Amino acid sequence: MPVNVSEICCDFFVFTGHKLYGPSASGALYINQTRFDEMQPFIGGGSMINYVGKESITYNNIPHKFEAGTPAIIPVIGLGAAIDFIQSLGHKNITEHESKLVNYARKVCMI
């Protein structure tokens, strides 16, 4: 199901990769820019930090600000491949196939 976060005016939007046939522990998080600017990381490290001074810290911008430590590179690559696969099938084809399966299941249940 295509989602336009601007049209639905959301602050946050999350999806899990396994619902798109992606690897476990993959997914994505959208944060509206206003909310992103208001938030502070609760864990530090890695490339999320731009500058550390004696009395201040400056965090990097998207996507690094909330990604402490080593990123999960393999699941992200797998999720990208899963998204490519889903897009190659097309939303219309997926929903038509799903409708056929539902109709078949209903018929089988009536037997």
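Quick note: the coordinates plus some simple rules give every number you see, no bench work behind them. Bear in mind the structure is a predicted one, so any value in this text is a computation, not a measurement. For neighbour counting, all protein chains shown are included, and Cβ atoms are generated from backbone atoms with ideal geometry for every residue, glycine included.
Give all pairs with beta carbons closer than 7 Å in which a residue from segment 1-26 that is without any contact (Cβ under 8 Å) to a residue 12 or more places away in the chain meets a residue that is surrounded by 10 or more Cβ atoms within 10 Å (Cβ to Cβ); count only pairs at least 6 apart in sequence or on separate chains.
What qualifies is Val3/Phe13; Thr16/Gly27; His18/Ser24.
Helices (runs of 4 or more DSSP H) wholly in segment 30-111 with at least 1 residues that are without any contact (Cβ under 8 Å) to a residue 24 or more places away in the chain and of a type in the set (A, V, I, L, M, F, W, C) - which ones?
73-89, 91-110
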